[in-house]
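Asks: Below is a structure I'd like to ask you about.
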Amino acid sequence: MGGRSKAAPAGGLRRVIIEGVEPEIDGGQFPIKRTIGEPVVVEANIFTDGHDAICAFLLYRNERHRTWTEVEMTALANDRWRASFEVDRLGTYCYTLLAFHDPIKTWRRDLLKRVQASQDVSVDLLIGAELLDKAATHAHQTSTVELTEWAALLRSDVSADERALAVLDERATFLDCTYAGREYATHYGKELAVTVDRERARFSTWYEMFPRSASPVPGRHGTFADVEKHLPYIANMGFDVLYMPPIHPIGSTYRKGKNNTLTPETDDSGSPWGIGSAEGGHKAIHSELGTFEDFHQLVARASNYGIEIALDIAFQVSPDHPYVKEHPEWFRYRPDGTIQYAENPPKKYQDIYPFDFASEDWWRLWQELESIIEFWIEHGIRIFRVDNPHTKALPFWEWLIANIKQDYPEVIFLSEAFTRPHPMYRLAKIGFTQSYTYFAWRNLKWELEQYFEELTQSDVVEYFRPNLWPNTPDILTGMLQTGGRPAFMMRYVLAATLGASCGIYGPAFELLEHSPREAKSEEYLHSEKYQLRDWKLDDPASLSEFIGRVNTIRKDNVALQFDRTLQFYKIDNEQIIAYSKYSDDPANLILVVVNLDVHNTQSGWIELPLRELGIPGDAPFEVYDVLADARYKWSGAWNYVELNPHVVPAHIFRIERDPAIAHELPEPITS
């Protein structure tokens, strides 16, 4: 038959297929996240036509290195393969996959079947000798000698059975994959990335306070020196990040008064988020807080207590900010010629001008905002809480964070984006280290289980690190307004054990601040956002001791320092929630049981999957409540719990298991 000639398609002999790679975020567009010392477990579907044996390798390298390290993958079931590598330095790692047919592996596999079937394998041994001869032609010199010796053995006068047993011995398994030709190997078409952060990116405990309210003298503006005196108090509660709202000069034009009134008194201090005055802007310090020398001393003293200072980054200005006069092109104007102030209808923020990220001068705006981050890095800050990042251009954040982390990979960015799920997750994908969540508004058992299964059991866990806050200066939930002391205790236990990172806005939280500005509002009455507050830290009703106990438990139990092993359990009461986390240490299995009813004692029977937890079904075991310092004897899958919220609304059990008889857990915590 006639017809035009056609060129042979490229890759026609690459018959191995690689697909279904995990983890891979949006087709490899974004990196996954890990911290130093964590493994990256990679799985993929790898298969071919026919029955030839496959060799598959996971390849990885630090981005600063050119050479790939290979890890042979293990075949699971149904063409699924797995391998892992550990990240041991900050920055970015790359990984990809490689797979190919291996005629030697195929031959050894089929030879074993024939031997087991008592078939004559004389010819098969000669086929193997030819395969080894071929492999010797492209092997290194020392390996060539060894392969030639194996080929000679297969052709020798030794009985076929002895020759077969020799080549099937475990000592000969190195022949598989080692010497297979790779000229027709399938390379996965992408290099996937891993962003590697320090441990505090994964496990951290935040305390937010307004430094201007740190003064021991009522009505006097607090200073950095006053904050220093609070450090032992914060450290005793077990917090390792002290986050301060903006510390810059505050504008006076349209300054908000107490309780957000538009008619401030002459002595009203204004909102710290109304940044900028004649004193300066984002690279200046409010004069009443102190000097840069005072700030440096606070950073150093905090470090002595194991505490890092985190600063608020709010890319917005007051009408008095120097940028307004120096760069009027960075703002959006209304038809009457005035600058558009910030709004979230019906809320109005007349004291704040947002930047116009669609400005024709956007590039210089980007560069100036980057210089603000760099400025505070030079002053010792490595953690930034970013205010409302979802209201700024997403490409800006992707560019900014990548640039900063190129030079300072230890920097942590916390995204304060209480917005829709898609933009919230996108911010995490493009670089934010941690993220605020919807936790504050998840109260019912099914809501909590559904939400945290999404955060920890889906691919979200690969890029979104939740930071759980039961309250913030903007959020006083109905639960805290009406639930009394039990609500504060219950919500902190949930935040501290459901999430590896959590935080509170204090001293409002530990002092049980619960009065809203008005009915159905989440705004605090006498909000610290608009006025100085006088906090009585020695109040006997304070939860500081309880919070300190919970935070000590977090630090003492590695299981609570990760998110991805969270598992919920069945309990026959919808007012009680139960879940566990575990670590690589068989002795560190934590079971948390929380009464979600802040008014009434609740009880129920909890069912534990004993085999999954490494507990023999017929053996009694002990659970130690590390929160209440109490021990209980349990037996079997179903066990009884009872919690009075007015005493302690939660158990935090460490399940005591005998390592000699305990089954292995399904996977290590860090996988």
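The values are calculated or read from the model by the stated rules, or taken from the named source; none is laboratory data. Not measured: the values here are computed from a predicted model. Cβ atoms come from the backbone with ideal geometry, glycine included; neighbour counts cover every protein chain shown. Keep in mind that these areas ignore ligands, DNA and RNA; they rest on the heavy atoms of the full protein, side chains included. Shrake-Rupley method; radii C 1.70, N 1.55, O 1.52, S 1.80 Å.
Asks: Out of everything in the stretch 267-288 that is touching a strand residue (DSSP E or B) at 6+ places or on another chain (Cβ under 9 Å) and of a type in the set (A, V, I, L, M, F, W, C), what residue ends up being farthest from P473 (Cα to Cα)?
Replies: Result: A284.
Asks: Can we say V598 is more than 26 Å from A637 (Cβ to Cβ), touching a strand residue (DSSP E or B) at 6+ places or on another chain (Cβ under 9 Å) and buried (at least 21 other Cβ atoms within 10 Å of the Cβ)?
Replies: Working: more than 26 Å from A637 (Cβ to Cβ): yes; touching a strand residue (DSSP E or B) at 6+ places or on another chain (Cβ under 9 Å): no; buried (at least 21 other Cβ atoms within 10 Å of the Cβ): yes.
For V598, the condition - more than 26 Å from A637 (Cβ to Cβ), touching a strand residue (DSSP E or B) at 6+ places or on another chain (Cβ under 9 Å) and buried (at least 21 other Cβ atoms within 10 Å of the Cβ) - is not met.
Asks: If I go through the stretch 480-534 residue by residue, how many of them are open to solvent by less than 30 Å² (accessible area, probe 1.4 Å), farther than 23 Å from V593 by Cα and charged (D, E, K, R)?
Replies: Number satisfying all stated conditions: 3.
Asks: Checking P322 against (1) touching a helix residue (DSSP H, G or I) at 6+ places or on another chain (Cβ under 7 Å); (2) open to solvent by less than 50 Å² (accessible area, probe 1.4 Å); (3) farther than 22 Å from L532 by Cβ, which single condition isn't satisfied?
Replies: Failing condition for P322: (1).
Asks: Somewhere in the stretch 344-362, is a residue modelled with pLDDT of 95 or more, farther than 25 Å from I250 by Cβ and outside any loop (DSSP other than H, G, I, E, B)?
Replies: Scanning the stretch 344-362 turns up at least one residue that is modelled with pLDDT of 95 or more, farther than 25 Å from I250 by Cβ and outside any loop (DSSP other than H, G, I, E, B).
Asks: Cβ-Cβ distance below 7 Å, separation of 6 or more or different chains: which pairs start in the stretch 436-455 with a residue that is under 21 Å from R426 (Cβ atoms) and free of Cβ contacts under 8 Å to residues at least 24 places away in the same chain and end on one that is outside any helix (DSSP H, G or I) and of a type outside the set (D, E, K, R)?
Replies: Hits for this filter: Y451/Y438.
Asks: What are the residues in the stretch 75-125 that are in contact with a helix residue (DSSP H, G or I) (Cβ under 9 Å, 6 or more places away or on another chain), of a type in the set (G, A, S) and without any contact (Cβ under 8 Å) to a residue 40 or more places away in the chain, if any?
Replies: S122, the sole residue that qualifies.
Asks: Between R109, R155, R114, which is of a type in the set (K, R), open to solvent by 70 Å² or more (accessible area, probe 1.4 Å), at pLDDT 90 or above and within 29 Å of G20 (Cβ to Cβ)?
Replies: Details: R155 fails: within 29 Å of G20 (Cβ to Cβ); R114 fails: within 29 Å of G20 (Cβ to Cβ).
None of the others qualify; the one that does is R109.
Asks: Could you give every pair whose Cβ atoms fall below 7 Å, whose first residue belongs to the stretch 471-498 and is within 24 Å of K581 (Cβ to Cβ), and whose second residue is part of a helix (DSSP H, G or I) and open to solvent by 10 Å² or more (accessible area, probe 1.4 Å), counting only separations of at least 6 or pairs across chains?
Replies: A487/M479; M489/F546; R491/M479
Asks: To continue, here is another question. Test R80 against the criterion of being among the basic types (K, R), at pLDDT 95 or above, within 18 Å of I46 (Cβ to Cβ) and within 49 Å of the chain's Cα centre (by Cα), and give yes or no.
Replies: When the stated conditions are applied, R80 passes them.
Yes/no per residue for (1) touching an Asp or Glu at 6+ places or on another chain (Cβ under 8 Å); (2) touching a residue at least 24 places away in the same chain (Cβ under 8 Å); (3) in a helix (DSSP H, G or I):
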| site | (1), (2), (3) |
| --- | --- |
| K256 | yes, yes, no |
| L262 | no, yes, no |
| H286 | yes, yes, no |
| Q297 | yes, yes, yes |
| A302 | yes, yes, yes |
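Asks: Let me ask another. Among the listed residues V386, V411, which satisfies the condition of being open to solvent by less than 20 Å² (accessible area, probe 1.4 Å) and touching a Lys or Arg at 6+ places or on another chain (Cβ under 7 Å)? Write out each step before concluding.
Replies: Numbers: V386 fails: touching a Lys or Arg at 6+ places or on another chain (Cβ under 7 Å).
V411 is the lone residue from the list that is open to solvent by less than 20 Å² (accessible area, probe 1.4 Å) and touching a Lys or Arg at 6+ places or on another chain (Cβ under 7 Å).
Asks: Considering only the stretch 117-138, how many residues are assigned to a helix (DSSP H, G or I) and over 16 Å from D176 (Cα atoms)? Steps first, please.
Replies: First, the residues of the stretch 117-138 that are assigned to a helix (DSSP H, G or I): 122-136.
Applying the additional criterion that residues be over 16 Å from D176 (Cα atoms) yields 122-124, 126.
Selection size over the stretch 117-138: 4.
Asks: Here is a further query. Only residues that are touching a helix residue (DSSP H, G or I) at 6+ places or on another chain (Cβ under 8 Å) and hydrophobic (A, V, I, L, M, F, W, C): list them for the stretch 222-241, please. Outline the logic, then answer.
Replies: So in the stretch 222-241, the residues touching a helix residue (DSSP H, G or I) at 6+ places or on another chain (Cβ under 8 Å) come out as 222-228, 231, 233, 236-241.
Those that are touching a helix residue (DSSP H, G or I) at 6+ places or on another chain (Cβ under 8 Å) and hydrophobic (A, V, I, L, M, F, W, C): F224, A225, V227, L231, M237, F239, V241.
To keep it simple, each residue is scored yes or no on (1) within 25 Å of A180 (Cβ to Cβ); (2) hydrophobic (A, V, I, L, M, F, W, C); (3) under 20 Å from the mean Cα position of the chain (by Cα); (4) open to solvent by 40 Å² or more (accessible area, probe 1.4 Å).
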| position | (1), (2), (3), (4) |
| --- | --- |
| G12 | yes, no, no, yes |
| F30 | no, yes, yes, no |
| P39 | no, no, yes, no |
| F47 | yes, yes, no, yes |
| G50 | yes, no, no, yes |
| C55 | yes, yes, no, no |
